[in-house]
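All remarks here apply to the structure that follows.
Bear in mind that the values in this text are calculations on the coordinates, not laboratory data. Remember, predicted model here, so these are calculated numbers, not experimental data. Heads up, the Cβs are rebuilt from the backbone with ideal geometry, glycines too, and the neighbour counts pull from every protein chain shown.
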Amino acid sequence: MEEAKISLSPSEFELVTNAETILTKNRVLQKIQDSFGHLGNHEQHFIEINGFSQLNEFSVGPKISKGENYMGLPYVILDYPRYSSGEDFFFIRQMFWWGHLFSCTLQVKGKYKNTLLDKILHEQSDKVTNSYFIGIHKDPWNHHFESDNYKQIRNVNDSELKLLFGSQEYIKIASKWPLANYNNINDLMFETWKYLLTISRLIA
């Protein structure tokens, strides 16, 4: 039987013979995971000391997950809150995506959609309209920020917003940061996390 040959370019051969490259990647991912662990603990502590822990939405603690292949690249995720009951769904996902970005995403379904729409339409918060994106794709688990998945809220008029909220089962509001913000990303994510809880009226 003729054996299949492995064909490697010079750059691919250099990578496969350099173990330190993968070891460095593993160290980076572990640091991100540890950092997200601290962030999750901080968020849970904030909920507890402010008297919100009795809410159903916070009945399940933070969860960290990781993988190697979101659109071909490694990722680390922190989910908190992560609540689902019948038709109602409330989720905040904080994500590191290798080579791309950090992001924080509020994802809701059911009764939470109306609260969110009211906040965006009627209170006209400069922060939510100028700094955040709204998901426009039917697949709620897409996390990239290409034009077919997210639009800046400031570029979506009231009629389009109402159509989105009426036609999509899930609604997503997200913010993102470049990887260069790694030194202060936990602070940025924590403040965004609090803000997303506030506009959802889970916390005051």
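Summary table
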quantity: Electrostatic dipole magnitude of the chain [Cβ: Lys, Arg +1; Asp, Glu -1; Cα centre; debye, to 20]; calculated: 460
quantity: Separation of the Phe52 and Asp118 label points, Cα + 7 Å toward Cβ, nm; calculated: 1.8
quantity: Extension gain (nm, one decimal) between His137 and Ala4, 0.36 nm per residue minus Cα-Cα; calculated: 43.8 nm
quantity: Segment 1-93 - percent relative contact order, Cα under 8 Å, separation 6 or more; calculated: 20
quantity: Rg in Å to one decimal, and Dmax rounded to a whole Å, for segment 93-178 via C-alpha atoms; calculated: 12.3, 37
quantity: Stokes-Einstein diffusion coefficient of segment 33-199, Kirkwood radius over Cα pairs, 37 °C, 0.692 mPa s, in µm²/s; calculated: 201
quantity: Max mean-square fluctuation residue, GNM over the chain, Cα-Cα springs under 10 Å, options Glu160, Glu191, Glu12; calculated: Glu12
quantity: Residue among Leu121, Leu15, Leu29 with the largest mean-square fluctuation in a Gaussian network model of the chain, springs linking Cα atoms under 10 Å; calculated: Leu15
quantity: Label-zone membership for segment 91-123, site Lys162, 7 angstrom Cα→C-beta point, backbone N under 20 Å; calculated: 110-123
quantity: Cα-only Debye scattering, segment 141-190: base-10 log of I(q)/I(0) at q = 0.14, 0.19, 0.25, 0.29 Å⁻¹; calculated: -0.49, -0.78, -1.05, -1.20
